[in-house]
Amino acid sequence: MKKLLLLITVVLFISCSSDEESDNGITLEPNQKTLYFEDTYQIEASSISAITYSVENEFHASVSSTGLVEVGRVGETTIILDNGEETKEEIITVTPKSTLYPTPNLEFGISRSQLEDSLGTPDAETDESILYTTSLGYNMLYLFDDDNNLDFSSVIIEEQHTSELVTYLGERYLLVSDTDEFYMLINGLSMATSTLAIGASEMNDDYLLVLYSPIDDSTLNKSSNTYKIDSSLINKISKILKNKLNN
């Protein structure tokens, strides 16, 4: 009889210990959330032990010590919850409000023929560029280097879409500088972590230009950690547009 009581006591002890271990997990609902730029969102999670929060990519979102998420630029990142015994993840997807135009092809370095195979026959072309026109308020122009490889991608937007363009760029990229002639944005929190530079300017009374280029030694001013674009490039694009769009 004593042996039976001892066995029951041991079983009950193990059972209680298992319950205590399982109770120390993290309860998280839901485990993914879709939000807009500059939204805030409180993660609803519970645990006996304190939860610490971290984020994989702060360009898309940041998170406080209490689980309050401040939404960043368009894209996706993961919030990691850890209580010392269990780790859980919540996926944050930042979706755009503006869909003014699709992202142009950004495969810098591919050949002209490869780009045309991907996008189709251009509506106009020169020795150093190809142009795709639309009736949706934007046109896409691609510029090539001396080896006929993709050097710059650009989007030309009708002036009437200025307000939406501000929204479009602001929710996708970080503004790092602006002058009377040019706005510069990047796809990271700093030049050091960014791979893409985006320049926006007014071309003339009718069109706005958004220029995409890779951040590399040829475009990065290392002494000031700023991006630079030769002003002649804008003049070149303006000339192509004048010849092609106004025909």
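Taken together, the values in this text are just the output of simple stated rules run on the coordinates, not laboratory data. Please read these numbers as outputs of a predicted model, since none were measured by experiment. In this analysis, Cβ positions are derived from the backbone assuming ideal geometry, glycine residues included, and neighbour counts consider all displayed protein chains.
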**OP:** Work through the residues other than L81 whose Cβ is under 9 Å from its Cβ and net out their charges, Lys, Arg +1 and Asp, Glu -1.
**Re:** -3
Subject >> Proxy reagent accessibility, fewest Cβ within 10 Å first, across I92, I51 >> reply: I51, I92
Original post:
Summing Lys, Arg as +1 and Asp, Glu as -1, what charge do residues with Cβ under 10 Å from the Cβ of D39 carry, D39 excluded?
Top reply: -1
**OP:** Determine, for D216, D180, the number of other Cβ atoms within 10 Å of each Cβ, and report the residues in order from fewest to most.
**Re:** D180, D216
**OP:** Work through the residues other than L165 whose Cβ is under 12 Å from its Cβ and net out their charges, Lys, Arg +1 and Asp, Glu -1.
**Re:** -4
**OP:** Go through the stretch 46-63 residue by residue and turn each phi into a ³J(HN,Hα) via Karplus (6.51, -1.76, 1.60, θ = phi - 60°); whole Hz please, and just put x for glycine and proline.
**Re:** 9, 6, 5, 8, 5, 9, 9, 10, 8, 10, 6, 9, 6, 5, 9, 5, 10, 9
Original post:
Short version: ³J(HN,Hα) in whole Hz for each residue of the stretch 165-171, in order, from phi by Karplus 6.51 cos²θ - 1.76 cosθ + 1.60 (θ = phi - 60°), x for Gly and Pro, what are they?
Top reply: 5, 4, 5, 4, 6, x, 8
Subject >> Cut-off under 5 Å, modelled amide H: who pairs with V55 long-range >> reply: I80
Original post:
Over the stretch 26-94, what is the mean sequence separation of C-alpha contacts under 8 Å (at least six apart), divided by residue count, expressed as relative contact order in percent?
Top reply: 38
